[in-house]
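Structure first, commentary second.
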Amino acid sequence: MGAESYVLIKLLHILLFVYWLGADIGVFYSARFVREASLGREARQTATRIMGWVDQIPRYCLVLMLPVGYTLALQVGVVQLPPVFLVLLWVIGAAWLAMVWAIHHYQGTPRAERLRSIDLVWRVVLALGLVWDAVQGFQRTGHLYTDWISLKFLIFAALIGCGIMIRVLGKPIGPALRAILASGSTPELEAQVARGFSRTRPFVLAIWVLLVAAAWVGIAKPEL
């Protein structure tokens, strides 16, 4: 690939970091209104819609980071991949992106729940695969050629892991919120919402730290 394609893919890589972190902060802020029991049902419903829409942006950024990051690493020369594998990565990325969109579009339906389960298994497999690649890279036995790119793989795996924990620990939030918006607030439902947000907050903050760390590694390129 030429210099122009390198600049474009690098720009896209940077923008994915920017929009991921920025949207995550927006979700974090809007969540305070979603869990605010003193607000009226209509206000909380509006806040929920805003949070749900903005939350899709970091989800899309995470998905696209896989093929975009690999493509950039290949152009920089820190990984070795056959061209067919890179094409496969983009196909996987497109399919994963479509699945993430469908989960949001059909939320609350059996189809969305089935896709959510598939997506969760895929994320676990991907995170473990990234860790394996990173370990091989540190040992100079895999397709990663530098310590810093192996470190970025570990950070990406940790980011996926944080997302998995948020999904698992925050699972009661959705049904409780739907019940509140449909039938009204109760102390039990509000407790489920508050507990879910409280449990997931450390992992949200961890994502912010990891994103900054990944950006630093990409700039400083430390060798361990």
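Can you tell me which residues in segment 191-205 are more than 12 Å from the chain's Cα centre (by Cα) and under 17 Å from Phe156 (Cβ atoms)? Matches in segment 191-205: none.
When you scan segment 23-46, do you find a residue that is more than 23 Å from Gly196 (Cβ to Cβ) and under 22 Å from the mean Cα position of the chain (by Cα), even just one? No: zero hits. Checking every residue in segment 54-64 against the condition of being out of contact with any Leu (no Cβ under 6 Å at 6 or more places or on another chain), farther than 22 Å from Ile103 by Cα and among the aliphatic types (A, V, I, L, M) gives zero matches.
Each row is one residue, and each column tells you yes or no for (1) of a type outside the set (A, V, I, L, M, F, W, C); (2) surrounded by 16 or more Cβ atoms within 10 Å (Cβ to Cβ).
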residue: Pro82; (1), (2): yes, no
residue: Leu86; (1), (2): no, no
residue: Val91; (1), (2): no, no
residue: Trp101; (1), (2): no, no
residue: Leu115; (1), (2): no, yes
residue: Val124; (1), (2): no, no
residue: Trp132; (1), (2): no, no
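If you go through segment 44-88 and pick out every residue that is touching a His at 6+ places or on another chain (Cβ under 6 Å) and part of a loop (DSSP other than H, G, I, E, B), you end up with 1.
Quick grid of which residues meet (1) assigned to a helix (DSSP H, G or I); (2) touching a strand residue (DSSP E or B) at 6+ places or on another chain (Cβ under 8 Å); (3) under 21 Å from Arg44 (Cα atoms):
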| position | (1), (2), (3) |
| --- | --- |
| Ala182 | yes, no, yes |
| Ser185 | no, no, yes |
| Pro202 | yes, no, no |
| Leu210 | yes, no, no |
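Given the structure, is Ala47 touching a Ser or Thr at 6+ places or on another chain (Cβ under 9 Å) and farther than 25 Å from Lys152 by Cα? Walk me through it before giving the result.
Values: touching a Ser or Thr at 6+ places or on another chain (Cβ under 9 Å): yes; farther than 25 Å from Lys152 by Cα: yes.
Judged against the criteria, Ala47 is a match.
Under the condition of being touching a Phe, Trp or Tyr at 6+ places or on another chain (Cβ under 6 Å) and exposed (fewer than 12 other Cβ atoms within 10 Å of the Cβ), the residues counted in segment 207-224 number 1.
Is it fair to say Pro222 is closer than 21 Å to Gly52 by Cβ and touching a residue at least 24 places away in the same chain (Cβ under 8 Å)?
On the way: closer than 21 Å to Gly52 by Cβ: no; touching a residue at least 24 places away in the same chain (Cβ under 8 Å): yes.
When the stated conditions are applied, Pro222 does not pass them.
Considered as a group, the residues in segment 18-66 that are touching a residue at least 40 places away in the same chain (Cβ under 8 Å), hydroxyl-bearing (Ser, Thr, Tyr) and closer than 26 Å to Ala215 by Cα include one that is surrounded by the most Cβ atoms within 10 Å (Cβ to Cβ), and that residue is Tyr60. Within segment 138-156, can one find any residue that is surrounded by fewer than 16 Cβ atoms within 10 Å (Cβ to Cβ), closer than 28 Å to Phe28 by Cβ and modelled with pLDDT of 95 or more? No, there is no match, as no residue in segment 138-156 is surrounded by fewer than 16 Cβ atoms within 10 Å (Cβ to Cβ), closer than 28 Å to Phe28 by Cβ and modelled with pLDDT of 95 or more.
The values are calculated or read from the model by the stated rules, or taken from the named source; none is laboratory data. What you see is a predicted model; the values in this text were computed from it and never measured. Please note: Cβ atoms are built from the backbone with ideal geometry, for glycine as well, and neighbour counts cover all protein chains shown.
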